[in-house]
Amino acid sequence: MKQASAKKNFAIIHLGSIGDSIMASPLASAIKQQHPDAWITWVTTQSCKELLNDNPCIDKVVVANYAKWKESLKQLNPRRLLQELSQFKAELRCKPYEYALDLQGILKSGLAANLSNAKHKIGLGSREGSNWLMTKTISRNLGDTTQIGSEYRYLANQLGFSDNTWPMQPHTTAEAIDTAEKALNNKNLSLNDKYIVICPQTTERENRWPKSYWQQICLRIRGRHHLRAVILGEGQQTKLTADLERHGGAADLTGKCSTAEAAIIIDHAKLIIGIDTGLTHLGHAYQTPTLALFGPTHPYSHTGLETSKILHLDLNCSPCLGNPTCNGKYECMSTITPDTVLSQIKTLLRNKK
């Protein structure tokens, strides 16, 4: 793609997780560096919208509410479904687009890209038949996979945009700050207190770190560094998080904060320790000292930030990506001991922004 003086408009579609959305968001900045007058519409999910709304490089955020559309379909209400889809189409087509970039590469994101009516539709690793909806597809596996956001950076390069800087800058509102403060107040904490964030929860068994390890971390950091742990996560409180609150002295805010509120709490934390989850990736974005524990998944090895550290044992079987050869032992996670984690914390705490 060659630079031209004509104004180019872009529709960017990413309907994935919080972490992936944040890692992809610097693509808007890369485009604006070369095309400062370009209009960028970003299509996302409701949970990710909060972090993208006030991004200065994104002109409009449009929500693709697939859950709502499915509900209309489930209730056999075609009239309401058509109204919802028509409204989405009108919001999406607020500008004529030269390019639609499907960053997720699955059928539903490909359909959104196709609906944009862009002249050129480019899919990143298109699959599930979405490749038939694209005018061009680009591999998501050929970039420097050690870098955070490697697939999106590779796409930027293939389109002629620079990734020399890749500023992950989530944006939140004053209202989110107030509600985050209230959530902490309910646990006898405030944004001005000294605390760490832990993100221990996942539905994927292979990514879990043992509960006894998390409990040790909560107790030992509180004793050694006088920092109370705040648990953040999506979904509902589980036995794991309840036990860490009861026996580890942590403040469990699992499922009690919006994405924007969780982001504010992470931004003010002294440290974040987490497994491969979207909230852990947010720590890198805010340059909060972040210790990421990776095992069966290994999305990146470095972030380019002194405030970040990746713990990954690089076993022969890892990453297994959901196809383990260890009979469910997941030693890539259990072999990362609390002592190993604690040995990294002192240095990270010195790097607090």
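Residues checked against (1) at pLDDT 95 or above; (2) assigned by TED's automatic domain parsing to the domain that holds residue 271; (3) polar (S, T, N, Q):
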residue: 203; (1), (2), (3): no, yes, yes
residue: 208; (1), (2), (3): no, yes, no
residue: 225; (1), (2), (3): no, yes, no
residue: 228; (1), (2), (3): yes, yes, no
residue: 239; (1), (2), (3): no, yes, no
residue: 243; (1), (2), (3): no, yes, no
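Here 334, 301 are screened, and the one residue that is touching a Pro at 6+ places or on another chain (Cβ under 7 Å) and modelled with pLDDT under 90 is 334. Taking residues in segment 201-212 that are without any contact (Cβ under 8 Å) to a residue 40 or more places away in the chain, and partners anywhere that are outside any loop (DSSP other than H, G, I, E, B), the pairs with Cβ atoms closer than 8 Å and at least 6 places apart or on different chains are 211/240; 211/243; 211/244. Of the residues making up segment 162-170, not a single one is touching an Asp or Glu at 6+ places or on another chain (Cβ under 8 Å) and at negative phi. Among the numbered conditions (1) in contact with a Pro (Cβ under 8 Å, 6 or more places away or on another chain); (2) modelled with pLDDT of 90 or more, the only one that residue 295 does not meet is (2). Within segment 240-268, the residues that satisfy the criterion of being among the aliphatic types (A, V, I, L, M) and within 23 Å of residue 212 (Cα to Cα) are 240, 242, 244, 250, 251, 253. Take residue 303 and decide whether it is touching a His at 6+ places or on another chain (Cβ under 7 Å) and either assigned by TED's automatic domain parsing to the domain that holds residue 150 or in contact (Cβ under 8 Å) with a residue 40 or more places away in the chain (or both). In short, yes. Taken over segment 160-182, residues that are surrounded by 19 or more Cβ atoms within 10 Å (Cβ to Cβ) and part of a loop (DSSP other than H, G, I, E, B) amount to 6. Annotation note: Cβ proximity below 8 Å between a residue of segment 216-227 that is under 14 Å from residue 269 (Cβ atoms) and a residue that is of a type in the set (Ser, Thr, Tyr) and crowded, with 17+ Cβ neighbours inside 10 Å (sequence gap 6+ or interchain) occurs for 227/195. For segment 6-59, a residue qualifies if it is out of contact with any strand residue (DSSP E or B) (no Cβ under 6 Å at 6 or more places or on another chain), of a type in the set (D, E, K, R) and part of a helix (DSSP H, G or I), and the qualifying residues are 20, 32, 50. Residues in segment 322-350 that are in contact with a helix residue (DSSP H, G or I) (Cβ under 9 Å, 6 or more places away or on another chain) and assigned to a loop (DSSP other than H, G, I, E, B): 7 in all.
The values are calculated or read from the model by the stated rules, or taken from the named source; none is laboratory data. The structure displayed is predicted, hence computed values, not measured ones. Reconstructed Cβ throughout: ideal geometry from the backbone, glycine too, with neighbour counts over all protein chains shown.
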